[in-house]
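Note sheet for the following structure.
Where a number appears in this text, it was derived from the coordinates with a stated rule and is not lab data. Given the structure is predicted, the values throughout are model-derived calculations rather than measurements. For neighbour counting, all protein chains shown are included, and Cβ atoms are generated from backbone atoms with ideal geometry for every residue, glycine included.
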Amino acid sequence: MADQGNSNSITRQYMDSLLLETRYMNSVNPDTSYGLYGEKFASPIMTAALSHVGQEMSKALAQGAKDAGCVCWYGMADEDEIEQMAATGARLIEIIKPYTDRDLIREKIRHAEKTGLLAVGIDIDHPYAEDGSPDMVDGYEMKALTTEEFRDICSSSSLPVIAKGVLSLYDAKEVLKAGAGGMVLSHHNNRIAYALPPLKLLPDIAKITPDNVPIFVDCMIQTGMDAFKALALGAKGVCIGRPLMTAYKKDPEQGIRDYLLHARDELAKAMAYTGTADLLHMDASVIHTL
């Protein structure tokens with residue numbers, strides 16, 4: 001089978017196997033508003049940390065997120081591009097690669113602090129190439145972080161530092177030990193075959209994670225229903241990626257905003273139908289497996 005072992009397909013199948021029970025008695029109109037790092041947003045559904053999309057689309061991502069009341073995550077971008085995104089008024093989270101040159105990581109974090117970003121993060125799952133050798137991205141070599149290095153990065157920044165690419169209890173414990181300000185459960189778009197679906201690990205990781213350390217989920221999050229399942233199982237927010245690229249191609253002006261707003265409405269519907277009043281009262285017991 002050509003698709004055998006594809007982690008995106010495995011993740012999609014797992015999410016689709018999660019079913020909801022309904023709870024209508026005593027239910028109320030739901031509130032999807034969301035607090036993150038001391039600020040309030042209309043929805044916990046955010047843009048994923050896309051890279052190399054070009055200045056026009058990166059600015060559209062930021063504008064669309066702002067207009068939808070969401071956080072905008074982004075990946076690799078130069079300083080001018082980041083500043084243009086910030087100028088839209090969007091609240092941004094930058095994800096930085098694990099450069100072998102650790103000074104480059106610190107330099108990028110200093111720029112994020114200067115630009116007034118909401119938070120920063122490190123792609124802990126991006127050190128290796130297809131053959132297991134150090135990955136090269138835009139001419140820069142990558143290297144896995146140690147717990148001590150991550151602790152130093154977290155303690156030296158005025159911003160919350162998020163570990164992106166957590167997909168095991170081991171890594172979750174290590175980044176928490178290092179003082180992570182959040183973590184993203186992700187296999188980085190099928191970066192490794194046969195990866196566990198993030199939602200499969202989410203309940204166990206949520207049990208060991210303090211309430212003040214938000215857990216985010218990406219990988220195949222496409223709809224408000226996907227978001228609801230992740231939030232019910234312990235996530236504090238989710239990130240949508242490739243569907244927003246398609247939405248932008250169809251409508252560069254409003255496509256991203258409209259997609260995020262529609263996903264928020266889908267989330268609100270799932271909350272209403274399961275008796276979930278707000279994001280502080282998510283209940284994993286409404287989720288069942290086939």
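To the nearest Å, what is the center-to-center distance of region 191-216 and region 122-159, using C-alpha atoms only? Between the Cα centre of region 191-216 and that of region 122-159, the gap is 19 Å.
Straightening the chain between VAL137 and ASP78 buys 19.9 nm, computed as 0.36 nm per residue apart minus the Cα-Cα spacing.
Magnitude of the charge dipole for the chain, about its Cα centre and with charges confined to Cβ atoms of Lys, Arg (+1) and Asp, Glu (-1), is about 700 debye. For region 1-73, the equivalent ellipsoid derived from the alpha-carbon gyration tensor has semi-axes of 27, 27, 9 Å in decreasing order. Residue pairs exceeding 23 angstrom between C-alpha atoms, taken from LYS59/LYS114; LYS143/LYS207; LYS164/LYS229: LYS143/LYS207. For region 30-277, with the dipole built from +1 on Lys and Arg beta-carbon atoms and -1 on Asp and Glu ones, taken about the Cα centre, which of PRO252, GLY64, MET136 lies farthest toward the positive end? Most positive-ward Cα: GLY64.
Taking Lys and Arg as +1 and Asp and Glu as -1, the other residues whose beta-carbon sits under 12 Å from that of SER285 total -1. Bridgeable aspartates and glutamates around LYS250 (alpha carbons under 17 Å apart, same-chain partners fewer than 8 residues away excluded): GLU56, ASP258.
If I take all pairs of Cα atoms in region 1-154, what percentage of them are more than 18 Å from each other?
Looking at region 1-154, the distances longer than 18 Å represent 68 percent of pairs.
Looking at region 138-290, the pairs of alpha carbons with a distance over 27 Å make up 30% of the total. Taking the Cα centre of region 1-121 as reference, the dipole from Cβ charges on Lys and Arg (+1) and Asp and Glu (-1) amounts to some 300 debye. Under a model in which nothing but the beta-carbon of Lys, Arg (+1) and Asp, Glu (-1) is charged, region 130-221 shows a dipole of about 400 debye around its Cα centre.
Of the residues TYR194, PHE150, ALA206, the one whose Cα sits farthest toward the positive end of the charge dipole of region 109-226, with +1 on the Cβ of Lys and Arg and -1 on the Cβ of Asp and Glu, is ALA206. Annotation: extensible slack from ARG106 through LEU20 equals 26.6 nm (criterion: 0.36 nm per residue apart, minus Cα-Cα distance). A convex hull fitted to the Cα coordinates of the chain yields 130 cubic angstrom per residue. Each principal axis of the Cα atoms in region 190-268 has its own extent, and those three values, largest first, are 42, 31, 19 angstrom.
Among TYR140, TYR99, a tally of other beta-carbon atoms within 10 Å of each Cβ gives an order, fewest to most, of TYR140, TYR99.
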